[in-house]
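K.L.:
Take a look at the following structure, please.
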Amino acid sequence: MLIMLIFYGMLQNPAAADNGRQPGINAIELERQIHEQINLERQNHGLPPLAMDEKLAVIARNHSHDMARHQFFNHRNLRGEGPTERGKNQGWYRKKQIAPNTWLVSLAENLFLNHLYDKAVTTIQNGITVKKEYDWKTQKKIALETVKGLLDSPHHKKNILSPLYDRQGIGVAISGNDVYVTEDLF
């Protein structure tokens, strides 16, 4: 008896599944690719690019690692801190004037949860798993899907295309097959 189980999508062509090794994903390079794709989107809407701010990247990276380590997905960490509180706890005390009597002091944040593969195919014979094949994503595909996913959300898109923000930090953490992405904007 042969049974095939399929996860993360329909199996279109079993020969297309890759039973090779998981591709190496460089989190720092993935952060850079996501940053570049976001700036391309801003450029397409006539907005200036966001500067990559290393302090914001550390804040974002720490939140992604916290979510990955503790297996949660939320703007508030397990201590109840949102992006602005987490930023202050990590030394972010910036403010900028956005109108004559208005100052921006809080961080905006976008989150996205991606995965290292599109689908997994498990072949079972006589009740025993004999093969597991993955349709692995490339690093570039993960970056493109992440930005598309953010733009598909009206709230996240509003943050990305806001002229109020001129800098961002991207933080990526990988846990198992999950890719946690945090974007902090100021």
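K.L.:
For the subset of the range 120-172 comprising residues that are among the basic types (Lys, Arg) and at pLDDT below 95, which member is farthest from the chain's Cα centre (by Cα)? Steps first, answer last, please.
P.N.:
Looking only at the range 120-172, we keep the residues that are among the basic types (Lys, Arg), and these are 131-132, 137, 140-141, 148, 157-158, 167.
From what is left, the residues that are at pLDDT below 95 are 131-132.
Working: LYS131: 30, LYS132: 26 Å.
Here the answer is LYS131.
K.L.:
Let me ask something else about it. So GLY176 passes all but one of these: (1) touching a residue at least 24 places away in the same chain (Cβ under 8 Å); (2) among the small types (Gly, Ala, Ser); (3) within 20 Å of MET67 (Cβ to Cβ). Which condition number does it fail?
P.N.:
Just one mismatch for GLY176, condition (1).
The values are calculated or read from the model by the stated rules, or taken from the named source; none is laboratory data. The shown structure was predicted, so the numbers you read here are calculated from the model rather than taken from an experiment. Cβ atoms come from the backbone with ideal geometry, glycine included; neighbour counts cover every protein chain shown.
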